[in-house]
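Okay, so here's the structure we're looking at.
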Amino acid sequence: MNTINIRQTQFATLAIGATARHMGISPTELHNRLKRHGLVRRLLLDCYDTLHAESIDGVVWNVEQALKNWELREQRGQSDACIGYAESRPKKTEGHEKEGGQR
């Protein structure tokens, strides 16, 4: 069981405050948006060991990018199952064309 300690809580509070300031929104609004996608737990708390070694600017960038990506996927109607999969795979093409446009 993953238990949350005081350092993780302090880190999450700092990260949310700094990111909200950078985005020009309230910390409460950012917390609610992150929570809607499970990012408070999955990003700030579960990835504490990795993120807390970053600069505050690095943490802000990571939080902002993660939120933007999840909200974009939500707008597109993508489920959690396809996150990161569809966009990272190169598109397949039918057959391969030879030089001169011939198959």
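Read-outs throughout are calculated quantities, based only on the coordinates presented, and are distinct from any laboratory measurement. All figures in this text were calculated on a predicted structure; none of them were measured in a lab. So basically every Cβ, Gly included, is an ideal-geometry build from the backbone, and we count neighbours across all protein chains shown.
Quick rundown of the values:
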read-out	value
Charge dipole magnitude, Cβ of K and R +1, D and E -1 - segment 6-76, Cα centre, debye nearest 20	260 debye
Mean separation of Cα contacts under 8 Å, 6 or more apart, over the residue count of segment 6-76: relative contact order %	38 percent
